[in-house]
Amino acid sequence: MTPAEIRTMDEANLDQQLTDLHKEWRDLRFAEAVGKLSETHRIREIRKDIARIHTIRTERQIAASVAAGEPLAHRRKDRKRR
């Protein structure tokens, strides 16, 4: 799944996609433990897709807070140094 495809999805679709990916990931981990996994590359693909979805959700949250005029305390230049 490409980031462009993920960005076209709304929140409900992202939630459903995450649920499906987590379910598939669980099933593949179980198959791997039993020794019946043939598509070992699929585990890595699923983990990366999950990470992409979470990254795009974070981007959307940041964009929404910027649009609302909220300060971004998590930005590196806004943090206080120790």
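Taking residue 19 as meeting all but one of (1) loosely packed, with under 12 Cβ neighbours inside 10 Å; (2) part of a helix (DSSP H, G or I); (3) at pLDDT below 95, write down the number of the exception.
Result: residue 19 fails condition (3) only.
For the stretch 44-69, which positions are modelled with pLDDT under 95, exposed (fewer than 13 other Cβ atoms within 10 Å of the Cβ) and of a type in the set (A, V, I, L, M, F, W, C)?
63, 64, 66, 67, 68
Which numbered condition in (1) within 19 Å of the chain's Cα centre (by Cα); (2) surrounded by 10 or more Cβ atoms within 10 Å (Cβ to Cβ); (3) modelled with pLDDT under 95 is the only one that residue 72 fails?
Checking residue 72 against (1) within 19 Å of the chain's Cα centre (by Cα); (2) surrounded by 10 or more Cβ atoms within 10 Å (Cβ to Cβ); (3) modelled with pLDDT under 95, the one that fails is (1).
Which residues, counting only those in the stretch 22-49, are assigned to a helix (DSSP H, G or I) and either hydroxyl-bearing (Ser, Thr, Tyr) or under 14 Å from the mean Cα position of the chain (by Cα) (or both)?
Selection gives 22, 25, 40, 44, 45, 46, 47, 48, 49.
The values are calculated or read from the model by the stated rules, or taken from the named source; none is laboratory data. Computed from a prediction, not measured in an experiment: that's the story for all the values here. Note: ideal-geometry Cβ built from the backbone for every residue, glycine included; neighbour counts use all protein chains shown.
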